[in-house]
Amino acid sequence: MSGSDDVVLRVSGLAKAFRKPFTGKRVDAVRGVSFEVHRGEIFGFLGPNGAGKTTTLKMLMGLIAPTAGTMEVLGRPAPSPDVMARVGFLPENPYVYPYLTPREFVSMCGRLSGLRGAGLGDRVLRVIERVGIGYAIDRPVAKLSKGMLQRVGLAAALVHDPELLVLDEPMSGLDPVGRKEVRDLVLEEKQRGRTVFFSSHILSDVEMLCDRVCILRKGEVVVAGALRELLAEGKRRSEVTIGGASDALRAALAQVAPVTRAAGDVLVMELEGDAAVREVVQRALADGARLESVTPKRETLEDLFVRRAL
């Protein structure tokens, strides 16, 4: 159990309600969300569209006020200027002034975060090269692609060397190479002792990167915990492949579980639990069929997401 000093971000009972224009109808976008992010971890914040992820991030960053609940960042009530100076934030759709260059924009963000002096220029150059757009450092932002704009926003979030990095859809607009580079960067930040909190729709990236996750559904937390433990909670599944199956065997096995795939006399079945595997194997061998394979299947984050969040 982590001590309170290890909690970098704490959200308790956070809620946000909006009123629809004209009708005045109340919409509860976030409903009593609570979670903790521990120092030095990568924390994934997930949910389908409309689940309340971006609304929660905007409250954390002080862009909108919560209807109820409390937030603490780095041990202080949030948002507060002294704490936010130690946080790097990449919004889902970063706005970069189109008439500025990446060098100028990231320099401006560095100054807004309190950086001064001759070292600022060197810091800006290093962080722009780190996100992979050093070749376009003095190109007007209006001429950059969406993926390049995303990298500029990431450089702005990193320029002041924040203790907590909050990223909303950091892979948006990036090609596979760009996604890998951002994944590597996130892992580097963790190795440097930094804490990373990010929202993403790309579940494979989350599964590769995150220590713990929180999944929202309709504004409420439906899953939270260590990713390894959450994936281990799913029922044990196995894929069984049987050859030479007779019609009688097919009918008998259909009583145990549906056939996933069939080609000629070969059947493939996906089974939950060891008891079902034993029953299918025993029936197949007793019928004289060939047991071609029994392959254990681990639950993925996508399986968990579909099972709990949709």
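Non-local amide H neighbours of Val221 (under 5 Å, H modeled in plane, Pro and chain starts lacking H): which ones?
Here the answer is Ser34, since their amide H atoms fall under 5 Å of that of Val221.
For region 237-297, what is the largest minus smallest coordinate of the Cα atoms on each principal axis, given in angstrom and ordered from greatest to least?
25, 20, 18
Could you pull the Cα extents of region 4-232 along its three principal axes, largest to smallest, in whole Å?
Result, largest extent first: 48, 46, 34 Å.
Given 0.36 nm per residue, what is the gain on full extension from Leu231 to Val266 after removing their alpha carbon distance, in nm?
Result for the pair: 9.6 nm of gain on full extension.
Can you find, among Leu187, Val141, Gly119, the residue sitting farthest towards the positive end of the charge dipole of the chain, where Lys and Arg contribute +1 and Asp and Glu -1 at Cβ?
Ranked along the dipole, the leading option is Val141.
Setting aside same-chain residues fewer than 8 positions from Lys146, which lysines have a Cα under 23 Å from its Cα?
By straight Cα distance, Lys146 reaches Lys53, Lys58, Lys180.
Can you give me the angle between helix 176-191 and the longest principal axis of the chain, using Cα atoms only, in degrees from 0 to 90, rounded to the nearest 10?
That works out to roughly 70 degrees.
If you build a Gaussian network model of the chain, linking Cα atoms that sit under 10 Å apart, which residue out of Arg86, Arg192, Arg212 swings the most?
Arg192
For the chain, what's the relative contact order in percent, using C-alpha pairs closer than 8 Å and at least 6 residues apart?
In percent, rounded to a whole number, it is 19.
Just tell me which aspartates and glutamates come within less than 15 Å, Cα to Cα, of Lys16; anything on the same chain fewer than 8 places away is out.
Asp28, Glu220
Quick one: in region 207-262, what % of C-alpha pairs are over 13 Å apart?
Result for the distance tail: 73 percent.
Can you list the aspartates and glutamates whose alpha carbon is less than 20 Å from that of Lys297, not counting same-chain residues fewer than 8 positions off?
In chain and number order, the partners are Asp205, Glu207, Glu229, Glu233, Glu239, Glu270, Glu272, Asp274, Glu279.
Calculate how many DSSP beta bridges within the chain are antiparallel, expressed in % of all such bridges and rounded to the nearest 5.
70
Could you work out how much longer the chain between Gln191 and Arg139 gets when fully extended? Use 0.36 nm per residue separation minus the Cα distance between them, nm to one decimal.
Between Gln191 and Arg139, full extension yields an extra 15.5 nm.
Which value, in debye to the nearest 20, describes the size of the charge dipole of region 95-188 about its Cα centre when Lys and Arg Cβ atoms bear +1, Asp and Glu Cβ atoms bear -1, and nothing else is charged?
240
Output the relative contact order of region 213-294, whole-number percent, from Cα pairs under 8 angstrom with separation of 6+ residues.
34
Hull surface divided by four, with the convex hull built on the Cα atoms of region 77-161: how many nm²?
5.5
Using only helices, what value at 222 nm comes out for the chain when you add -39,500 (n - 2.57) per DSSP H run of length 4 or more and divide by the total residues, to the nearest 500 deg cm²/dmol?
-10000 deg cm²/dmol
Read phi for every residue in region 96-111 and hand back ³J(HN,Hα) as whole Hz from Karplus 6.51 cos²θ - 1.76 cosθ + 1.60, θ = phi - 60°, with x for Gly and Pro.
Here the 3J(HN,Hα) series is 10, 3, x, 8, 9, 8, x, 4, 5, 5, 5, 4, 4, 5, x, 5 Hz.
Select from Thr295, Val268, Val213 the residue farthest towards the positive end of the dipole of the chain; place +1 on Cβ of Lys and Arg, -1 on Cβ of Asp and Glu, and compute about the Cα centre.
Going by the charge dipole, the pick is Val213.
The numbers here are math on the coordinates, done by the rules we state, and not lab data. Everything numeric in this text was worked out from a predicted model, so none of it was measured. For neighbour counting, all protein chains shown are included, and Cβ atoms are generated from backbone atoms with ideal geometry for every residue, glycine included.
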